[in-house]
Amino acid sequence: MYRELLNELIQNHDWAKLQEPCPEKEIKKAEKHVGYPFPEELKALLRETNGDRWLLLSAKEIMENVERNRSILGECFDDAEEFSERVGRYIFFATNGCGDYYCYQILPDGKADTTAIYMWEHEMFDCLIVAKDIRDLICKYYNDEV
């Protein structure tokens, strides 16, 4: 489903390259590292392509971003609760290349809000809704609508 969509959309984008599917154990490792279960649509995407080297992050890149955010951005906040609220309560799975991420917001029950995809803005540590799901984000991104 996602692989076919991406193959169609990236035909005119030399910089985007679909990767091999992500092994299930790597998805589980990434979930554990992030600290939240991934929504089914994110797992389905990773099972079809482990990133596209442009918009979509691989499981390894998702984990690397968590480490980077914890070490660098953690210093920007006075307490762990504020960091958690402004940075830690998101699953970043894609990037716009300018420091901003596309993500799921984590609800108080510890599960991802699957009703929207957010763009997390790195300068304001703030989010806005940009798509209804991953498919919508991919279509909007590769059609220059987001």
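The values are calculated or read from the model by the stated rules, or taken from the named source; none is laboratory data. Remember, it's a predicted structure, so these values are computed and weren't measured experimentally. Heads up, the Cβs are rebuilt from the backbone with ideal geometry, glycines too, and the neighbour counts pull from every protein chain shown. Calculation scope for accessible area: heavy atoms of the full protein, side chains included, ligands and nucleic acids excluded. Shrake-Rupley method; radii C 1.70, N 1.55, O 1.52, S 1.80 Å.
Taking only pairs six or more apart or across chains, which ones have beta-carbon atoms under 7 Å, a first residue in region 107-135 that is free of Cβ contacts under 8 Å to residues at least 60 places away in the same chain and more than 21 Å from Lys43 (Cα to Cα), and a second residue that is open to solvent by less than 20 Å² (accessible area, probe 1.4 Å) and outside any loop (DSSP other than H, G, I, E, B)?
Close Cβ pairs satisfying both conditions: Phe125/Val87; Cys127/Trp120.
List, please: which pairs have Cβ atoms under 7 Å, are six or more places apart or on different chains, and start with a residue in region 47-58 that is on the phi > 0 side of the Ramachandran plot and end with one that is among the aliphatic types (A, V, I, L, M) and assigned to a loop (DSSP other than H, G, I, E, B)?
Gly51/Leu57; Arg53/Ala16
For region 105-146, what are the residues that are hydroxyl-bearing (Ser, Thr, Tyr) and surrounded by fewer than 17 Cβ atoms within 10 Å (Cβ to Cβ)?
Within region 105-146, Thr114, Thr115 meet the criteria.
Scan region 11-25 and give yes if some residue there is out of contact with any Ser or Thr (no Cβ under 9 Å at 6 or more places or on another chain), modelled with pLDDT of 95 or more, open to solvent by less than 30 Å² (accessible area, probe 1.4 Å) and assigned to a helix (DSSP H, G or I), otherwise no.
no
Quick one: which helices (runs of 4 or more DSSP H) lie wholly within region 31-103 and hold at least 3 residues that are modelled with pLDDT of 80 or more and either of a type in the set (Phe, Trp, Tyr) or buried (at least 18 other Cβ atoms within 10 Å of the Cβ) (or both)? Explain how you work it out, then say what you get.
Values: elements: 40-48, 59-72, 80-83.
Helices (runs of 4 or more DSSP H) meeting the threshold: 40-48, 59-72.
Go through (1) in contact with a helix residue (DSSP H, G or I) (Cβ under 7 Å, 6 or more places away or on another chain); (2) without any contact (Cβ under 8 Å) to a residue 40 or more places away in the chain for Lys28 and report which single condition fails.
(1)
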